[in-house]
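What follows is calculated from the coordinates using simple rules that are stated; it is not laboratory data. None of the values given here were measured: they were computed from a predicted structure. Please note: Cβ atoms are built from the backbone with ideal geometry, for glycine as well, and neighbour counts cover all protein chains shown.
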Amino acid sequence: MTSRQQELDFGERPHLVDLFAGPGGLDVAARWLGIVADGVEWDTGACATRRAAGLGTRQADVRDLGPEDFPGATILAGGPPCQTYTVAGGGAGRRALDQVLGFVKRMAAGEDVRPGLASLDDERTALVLEPLRWAFRAKELGRPYRTIILEQVPAVLPVWEAMEEALEGIGYKTASGILHTEAYGVPQTRRRAILIARFGVSESPELPKATHQRFRRGTKPPVSAVDELPRWVTMGEALDRRDRFVVISNYGTGGDPKARGRRYSDEPAATVTGKISRNRLETLDGANIARFDFHDAGRLQTFPRDYPWTGKDVSQQIGNAIPPRLAAHVLAAALGLAIDHERLDEAVRGSWKDFDDTRPAAIPGPS
């Protein structure tokens, strides 16, 4: 065992608390890797799905809780709501970016910024600050989180970078950047801003290395090659479909249906959003065919085929989630684990209810 692995060794079954946990994308990955996870989520529909999946769930507002409520957790994770930051949303978070960065600096200086958050146009914009509040509070209690993992849309990367400076001021080593989901075997092109922080280690963490090639429209890389990564995973492969089809996005450009995006079954899906159920599917000769159901959409996000989607707004639950396969790679990188790729493939493509968590898809070692 290397010195770095010794630094990362904090028990056989580490305990994770997941803020804004949604239907369980990160927590599914945690189970695959043998990590105990509890999620905090306020949405009733997402909580219904989590409970049906057997995931640890606290239905609450993260602003009403803190590290005291999860005293055994050594890992803090969170994917705050993205609606005010995403390009598809209203943009209140992007417009308030300078204010949010100022709040981070003030929090790092020990100031209670909660009274000032009312000045934001949309209260959801401030939710991105909650993981930092939890981190500072845990440090005050004398039991800092050993690992912190945050994810959001790319527009939030400047906030993560500001948080890196704040966390480094209390003993963390950090790394952040933008990851492309198809480069980790997710059959979808989606970008996520990731922050990893480790407490009390001598070396900075690293973001996970790509396992697959990036998708570029019009290119058809080989399935595999000696000097190249495997190509991205297609929709057809993920859904076990041999029929060729095209997905026509519900989004238009200037109201022109001809300008709507198209992805073919031998390509990754476009970003899976809460509106995926509105996308039309056609054969290559233009005939309409059945649209994606919840389980199809979940599989494009790399949830297991029998994941028990339930509650209201299931499409939105699916679109909001971090893809479990990407989450598995991020968790492994943060914790110094090596992914068992064959076992991870089995977990993604297999049954959720039959997954044997006594045989996790990761082992101690370099990620």
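Give me the one-decimal nm value for the distance between modelled label points at GLU346 and VAL246, 7 Å along each residue's Cα-to-Cβ direction.
Here the modelled spin labels are 4.0 nm apart.
Quick one: which of 325-337, 298-310 comes out on top by average Cβ neighbours within 10 Å, and what's the full order, highest first?
Those peptides, ordered most packed to least, come out 325-337, 298-310.
Quick one: if you stick a label point 7 Å off each Cα along the C-beta vector at GLN59 and ASP112, how many nm between them?
For the pair GLN59/ASP112, the computed spacing is 3.0 nm.
Fully extended, how many nm does the chain gain between GLU228 and ARG262 (0.36 nm per residue separation, minus their Cα-Cα distance)?
9.5 nm
Based solely on C-alpha atoms, express the radius of gyration and the Dmax of segment 121-216 in angstrom.
In Å, with Rg to one decimal and Dmax whole: 14.7, 48.
State, in angstrom, two size descriptors of the chain derived from its alpha carbons: Rg to one decimal place and Dmax to the nearest whole number.
When restricted to the Cα atoms of the chain, Rg and Dmax are 20.2, 64 Å.
Can you compute the FRET efficiency between TRP42 and ASP285 using 1/(1 + (r/R0)^6), with r the Cβ-Cβ distance and R0 = 51 Å? Round to the nearest 0.05.
Between TRP42 and ASP285 the formula returns 0.65.
Of LYS139/LYS173; LYS209/LYS353; LYS105/LYS139; LYS105/LYS173; LYS209/LYS275, which ones are farther than 23 Å apart at the Cα?
LYS209/LYS353; LYS209/LYS275
How far apart, in nm, are the 7 Å Cα→Cβ label points at LEU97 and ILE178?
Distance between the two pseudo-spin positions: 1.1 nm.
Hey, what's the Kirkwood Rh for segment 314-367 if you take every pair of different alpha carbons, in angstrom?
About 12.1 Å for segment 314-367.
For segment 108-140 and segment 257-302, compute the distance between their C-alpha centroids and round to whole Å.
Measuring centre to centre over Cα atoms gives 38 Å.
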